[in-house]
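Every read-out reported here was derived from the displayed coordinates using simple, explicitly stated rules and does not represent laboratory data. Since the model is a prediction, treat every value here as computed from it, not as a measurement. Because the Cβ atoms are built from the backbone with ideal geometry, glycine has one as well, and the counts that use them run over all protein chains shown.
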Ligand SMILES: Nc1ncnc2c1ncn2[C@@H]1O[C@H](COP(=O)(O)OP(=O)(O)O)[C@@H](O)[C@H]1O
Ligand SMILES: [Mg+2]
């Protein structure tokens, strides 16, 4: 279970986002919907331990994850979290197989790669350099890379953004299937995909912008 308490992130330029408390349970899937810029990616980065909250806390299975040091956060993420980033972060000059194979350096067992690539419809692209793939193909490679370690927490930032509806729907079903027993939190723009998830969270209502001025006025 992942919970947040009084979570607030302030960026160096003063932009601050405050989140109502959230609870993500094991065995459930969540779709995060909300306008561009409302704070969806920032929330995923806070949950993943990529960003450290300015105040408040992220707890994972009762542990104060946001207070771990960066090394502990990174170790946890590598072991337990599959994170599909909005901009994929693939190595363009390497093949699909090598992008996934690199995870062995982090101690990840990549057994089952072919079956996973097949389920995502990209097995035939295994030996192709990422540079030569379409946006939708790259997206599915990024998803395969996140799922290969059988993470108990899957965070996916617009995992279907480059896909047509049918492929996007298949990818969402794949994410939900892979998350079985664990927690899936996916940002999506497409309300047609939302019904696939156990719960839909309207981030427009959960994330609040705080300017320093308002905080001072309220003090
Ligand atoms: N590193 C940063 N520095 C300053 N502002 C940021 C930074 N990252 C995000 N923001 C701001 O925080 C808000 C939320 O961003 P983000 O979480 O990426 O939104 P979303 O994913 O919902 O589109 C935006 O107003 C964005 O400009
Ligand atoms: Mg975003």
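Most mobile of 97, 156, 35 per a Gaussian network model of the chain (Cα springs, under 10 Å)? Among 97, 156, 35, the largest mean-square fluctuation in the Gaussian network model of the chain belongs to 35. What do you get for the angle between helix 165-178 and the principal long axis of the chain? Use alpha-carbon atoms, 0 to 90 degrees, nearest ten. For helix 165-178, the angle is close to 80 degrees.
Bridge orientation summary for the chain: considering DSSP beta bridges with both residues in this region, about 45 percent are antiparallel.
Shape class for the chain, computed from the alpha carbon gyration tensor (a ≥ b ≥ c): prolate, with a/c not under 1.5 and a/b above b/c. Label-to-label distance for residue 177 and residue 118 is 1.2 nm, based on points extended 7 Å past Cα in the beta-carbon direction. Taking only Cα atoms, what is the 0 to 90° angle, nearest 10, from helix 70-80's long axis to the longest principal axis of the chain? That helix lies at roughly 50 degrees to the long axis. The spacing between the stretch 170-204 and the stretch 47-100, judged by their C-alpha centroids, is 19 Å.
If the segment from residue 109 to residue 169 were pulled out straight at 0.36 nm per residue, it would be longer than the present Cα-Cα gap by 18.9 nm.
Full extension of the chain between residue 199 and residue 5 gives 67.9 nm of extra length, using 0.36 nm per residue less the Cα-Cα distance.
If each residue's Cβ is checked for other Cβ atoms within 10 Å, how do 24, 76 rank with the fewest at the top?
Starting with the residue having the fewest Cβ neighbours, the order is 76, 24.
When the helices of the chain are scored as -39500 (n - 2.57) per DSSP H run of n ≥ 4 and the total is divided over every residue, the value at 222 nm lands at -9000 deg cm²/dmol. May I ask for the angle, rounded to the nearest 10°, between helix 135-147 and the longest principal axis of the chain, with both axes built from Cα atoms and the value confined to 0 to 90°? For 135-147 against the chain, the angle is about 80 degrees. So which residue, out of 167, 52, 183, gets the largest mean-square fluctuation from a GNM of the chain using Cα contacts under 10 Å as springs? Of 167, 52, 183, the most mobile in the Gaussian network model is 167.
For the chain, a Gaussian network of Cα nodes joined below 10 Å ranks 69, 178, 204 by mean-square fluctuation, and the top entry is 69. Of the residues 23, 38, the one with the fewest other Cβ atoms within 10 Å heads the list, and the complete ranking is 23, 38.
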